[in-house]
1. Does Glu264 meet the test of being open to solvent by less than 30 Å² (accessible area, probe 1.4 Å) and more than 17 Å from His166 (Cα to Cα)?
2. Scan the stretch 48-69 and give yes if some residue there is over 20 Å from the mean Cα position of the chain (by Cα), closer than 19 Å to Thr132 by Cβ and surrounded by fewer than 18 Cβ atoms within 10 Å (Cβ to Cβ), otherwise no.
3. Can you name every residue in the stretch 303-322 that is within 16 Å of Cys263 (Cα to Cα) and buried (at least 16 other Cβ atoms within 10 Å of the Cβ)?
4. If the requirement is being under 19 Å from the mean Cα position of the chain (by Cα) and open to solvent by less than 50 Å² (accessible area, probe 1.4 Å), which of these qualifies: Val73, Val96?
5. What tally of residues in the stretch 215-237 results from selecting those that are polar (S, T, N, Q) and either outside any helix (DSSP H, G or I) or closer than 21 Å to Lys147 by Cβ (or both)?
6. For the stretch 238-268, give me each residue that is small (Gly, Ala, Ser) and either in a loop (DSSP other than H, G, I, E, B) or under 19 Å from Ala123 (Cα atoms) (or both).
7. Which of (1) buried (at least 24 other Cβ atoms within 10 Å of the Cβ); (2) closer than 11 Å to Leu322 by Cα does Lys228 not meet, given it meets every other one?
8. Answer yes or no: is there a residue in the stretch 282-290 that is in a loop (DSSP other than H, G, I, E, B), modelled with pLDDT of 95 or more and closer than 30 Å to Ile143 by Cβ.
Amino acid sequence: MQTEILFTPDVAAKADEAISTMTYDHLFVVTDENTSKLAMPLFDRSRLRSEMTAEIVIKPDDDHKTLAALETVWKALGAGGATRGSLLVNIGGGMVTDLGGFAAATFKRGMKHINIPTTLLGAVDAAVGGKTGINYGGLKNEIGAFKHPEKVIISTQFFKTLQPEHLVSGFAEMLKHGLISTRESYDRLLAFDLDNPDYDRLLQLVEESVAVKEKVVEIDPYEKGIRKALNLGHTVGHALESLALKREKPVQHGYAVAWGLVCEAVLSHMKLGFPEKEVRRLSEYIRRHYGAFPFTCNDYPFIYDKIKHDKKNEADRINFTLLKDIGEVEINVSAEKAEIEASLDIYRDLFGL
């Protein structure tokens, strides 16, 4: 199905307009403890608030994107009398829209849902495209389903209140979209001043970024082919994210993706001839805005093991999405263990580790 993407400076008004066009017997809202406190007051005088059967509040952060949290949502839906004709509205970052979307996909075999992302990362990544899920067995998004929201409402009201590191985290997914689209789009992103953001300009870039993802998803909604382009940076990025969790020092998803982009740009150079100058330009930008994620060769077995569990792999082949050049994507490029470890070596050299 085609999701309607709505951009607005007034999230409550746009949410009321959106739900007024829909039919439902009950309306439920999923938030986490942070968005319940900080975002829900924006809806105090709204139709969404007055018609809400229940607000289901889960614990924040990605380490709570678990089966236990999903059960909390299921139980609350059941207690509130939810049916397949009910509407679930997810208000929060990517963790909330991933988990809430999966709850909508599975409760009563499926109910309608709307995503209202409160982070830049959620707006350009998790809230759009129809991927839902939870972490399981120490692996990111291991259990999930494809379930497209009816609507996604993206508001600048939230961007202006984000901490700088959350803004930077979301921007990594936009960089990925730039790398797989056009050189002009990528250059516009690198020229954006992350230290002193122009929010009107940012909204324009977000619309452009979301359009890139929506175009790919429309062609390949269930990730059978070209949609794998959206995994650029994520194969290594998810492994680094898992390593951070193992150390009990979690990092934001966008930061892990940024470091993964560098490793996979190196692999792209090794395998497909991606220009060395672009590898260096990207690595310098990432180092300046995201810092360096430290690891040594002693961490390689753990990183490699996590990469082996990536969902793009087929049989014994470890598959990557790589680049021949900016905008020239190759999916299902296999890499050997030695090549992956060589890319990690070069990452460490580029970041002075």
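The values are calculated or read from the model by the stated rules, or taken from the named source; none is laboratory data. In this text the structure is predicted, and so the values were computed from the model without any measurement. Note that we place each Cβ from the backbone using ideal geometry, even for glycine, and neighbour counts take in every protein chain shown. All accessible areas refer to the heavy atoms of the entire protein, side chains included, with ligands and DNA or RNA removed. Shrake-Rupley method; radii C 1.70, N 1.55, O 1.52, S 1.80 Å.
1. It is true that Glu264 is open to solvent by less than 30 Å² (accessible area, probe 1.4 Å) and more than 17 Å from His166 (Cα to Cα).
2. Among the residues of the stretch 48-69, at least one is over 20 Å from the mean Cα position of the chain (by Cα), closer than 19 Å to Thr132 by Cβ and surrounded by fewer than 18 Cβ atoms within 10 Å (Cβ to Cβ), which makes the answer yes.
3. Ile303, Lys306, Ile307, Asp310, Ile318, Asn319, Phe320, Thr321, Leu322 - these are the residues of the stretch 303-322 that are within 16 Å of Cys263 (Cα to Cα) and buried (at least 16 other Cβ atoms within 10 Å of the Cβ).
4. Working: Val73 fails: under 19 Å from the mean Cα position of the chain (by Cα).
Exactly one of Val73, Val96 is under 19 Å from the mean Cα position of the chain (by Cα) and open to solvent by less than 50 Å² (accessible area, probe 1.4 Å), namely Val96.
5. Of the residues in the stretch 215-237, the ones polar (S, T, N, Q) are 231, 235.
Still in the running and either outside any helix (DSSP H, G or I) or closer than 21 Å to Lys147 by Cβ (or both): 231.
Within the stretch 215-237, residues that are polar (S, T, N, Q) and either outside any helix (DSSP H, G or I) or closer than 21 Å to Lys147 by Cβ (or both) number 1.
6. Going residue by residue through the stretch 238-268, those that are small (Gly, Ala, Ser) are 239, 242, 244, 254, 256, 258, 260, 265, 268.
Scanning the stretch 238-268 gives Gly254, Ala256, Ala258.
7. (1)
8. As a first pass, look at the stretch 282-290 and keep what is in a loop (DSSP other than H, G, I, E, B): none.
Among the residues of the stretch 282-290, not one is in a loop (DSSP other than H, G, I, E, B), modelled with pLDDT of 95 or more and closer than 30 Å to Ile143 by Cβ, which makes the answer no.
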